[in-house]
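In what follows, a single structure is set out as structure tokens and then discussed.
The values are calculated or read from the model by the stated rules, or taken from the named source; none is laboratory data. This structure is a prediction, so every number in the text was calculated from the model and none was measured. In this analysis, Cβ positions are derived from the backbone assuming ideal geometry, glycine residues included, and neighbour counts consider all displayed protein chains. Heavy atoms of the whole protein, side chains included, go into the accessibility calculation; ligands, DNA and RNA do not. Shrake-Rupley method; radii C 1.70, N 1.55, O 1.52, S 1.80 Å.
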Amino acid sequence: MLRAIRDERLGLLPVCAGRTLASDVMPILELAEASGVAIEVSVFVGASPIRWRAEGWDLERVSQLTREAVSLAARAGLPVTFVTEDTTRTPPETLRRLFELAIEHGASRLCLCDTVGAASAEGTARLVKFARDVVAGGSVKLDWHGHDDRGLGLANALTAIEAGVERVHATALGVGERVGNTPLELLVANLALLAGKEPDAAALRDYAEHFAAALGVAIPENHPLVGANAFRTATGVHAAAIVKALVKSDALADRVYSLVPVSRFTSGHDIRIGHMSGTSNVVHWLRRHSIEPSEQLVTRILDRARSANRVLRDDEVLAVVRAR
């Protein structure tokens, strides 16, 4: 990776993570020297009482590790990020001690970690404010690293940005430890929306599809903006409103039941037929498949959907059409 960054002259600052141990830092320094590429050294250590109890650590031990690892990387002239794992469950006095120690020995960044997704948005804002007070007046910057264990990963990342961190960690499709991290595609889309801009639909879709293939995972059907269900409806009221809007203008139909323009993200309104559908769903589906709707055919399809008590597949609807 470093050779590719160097040879292709990519404008990237690679980051390599290691424990707060000299034995982890030294290989990173050797990589930087061998490749001629500056690497940001990201050294992490568990900071919470629950982690210390599990490891048999105390403040003196962690302070020693911090001093040695941070100063080793800093003396080599590389940027250093000091990462406190489980920051959100660590007492403020412990954080202040470790943060000040890391800065004293050359850390240029502090990374606040919600390692088990424990924080609320309010807690995230308070933690960032606390860290900003610690680094006030200096050049040290803040990172936010969040997990999605209680479903607040994206919300907390946006809160951290608003509260003043300079960098947020995120991953493609949120793939990560346990239930994952902040999804990068949704973070980017939400930052655009908060700035009053429209997300780049083609880029988001290409990004999600590329990494789904690379990682060997499926894009969840209910994934916002890029999932198969993102612009699909089988509810009668929704479908009726969309069909009425389509008669008036495509632009109106694009927005009537969507935050973003449907036509930018998919080839058209995906109106399905299910047990909560109405006539509008069936008529729209039939016409989209170049089938002329009749009252009898519409009734038969609705009866089939209600008996199935779910959304019908296309082949199931076509079977009803062929049976007439």
(message) For Leu246, only one of the following conditions fails: (1) under 21 Å from Asn229 (Cβ atoms); (2) open to solvent by less than 40 Å² (accessible area, probe 1.4 Å); (3) in a helix (DSSP H, G or I). What is its number?
(response) (2)
(message) Can you go through Thr81, Thr88 and tell me which one is closer than 23 Å to Phe130 by Cα, open to solvent by 10 Å² or more (accessible area, probe 1.4 Å), among the hydroxyl-bearing types (Ser, Thr, Tyr) and out of contact with any Pro (no Cβ under 9 Å at 6 or more places or on another chain)?
(response) Thr88
(request) Would you please name the residue that is least open to solvent (accessible area, probe 1.4 Å), looking only at residues in the stretch 13-43 that are more than 25 Å from Glu85 (Cα to Cα) and outside any helix (DSSP H, G or I)? (result) Val37
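Consider Gly138 carefully, then state whether it is modelled with pLDDT under 95, over 16 Å from the mean Cα position of the chain (by Cα) and open to solvent by less than 60 Å² (accessible area, probe 1.4 Å). Break it down stepwise before answering.
Details: modelled with pLDDT under 95: yes; over 16 Å from the mean Cα position of the chain (by Cα): yes; open to solvent by less than 60 Å² (accessible area, probe 1.4 Å): yes.
So Gly138 fits the description; yes.
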(request) Go through the stretch 44-99 and count every residue that is touching a residue at least 40 places away in the same chain (Cβ under 8 Å), in a helix (DSSP H, G or I) and not β-branched (Val, Ile, Thr). (result) 9
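Quick one: count up the residues across the stretch 257-273 that are part of a loop (DSSP other than H, G, I, E, B), open to solvent by 50 Å² or more (accessible area, probe 1.4 Å) and not hydrophobic (A, V, I, L, M, F, W, C).
Of the residues in the stretch 257-273, 3 are part of a loop (DSSP other than H, G, I, E, B), open to solvent by 50 Å² or more (accessible area, probe 1.4 Å) and not hydrophobic (A, V, I, L, M, F, W, C).
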(message) Exactly one condition in (1) open to solvent by 20 Å² or more (accessible area, probe 1.4 Å); (2) part of a helix (DSSP H, G or I) is false for Leu187; which is it?
(response) (1)
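If I ask for residues that are on the phi < 0 side of the Ramachandran plot, open to solvent by 20 Å² or more (accessible area, probe 1.4 Å) and touching a helix residue (DSSP H, G or I) at 6+ places or on another chain (Cβ under 7 Å), which ones from the stretch 160-175 would you list?
First pass over the stretch 160-175, keeping only residues on the phi < 0 side of the Ramachandran plot: 160-163, 165-172, 175.
In the following step, the residues that additionally are open to solvent by 20 Å² or more (accessible area, probe 1.4 Å) were identified as 161-163, 166-171, 175.
Residues satisfying the conditions are Ala163, Val168, Ala170, Thr171, Val175.
Okay, residues lined up against (1) of a type in the set (S, T, N, Q); (2) within 19 Å of the chain's Cα centre (by Cα); (3) open to solvent by 30 Å² or more (accessible area, probe 1.4 Å):
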residue	(1), (2), (3)
Glu100	no, no, yes
Glu104	no, no, yes
Leu112	no, yes, no
Ser120	yes, yes, yes
Val134	no, no, no
Ala155	no, yes, yes
Glu177	no, yes, yes
Pro183	no, yes, no
Leu191	no, yes, yes
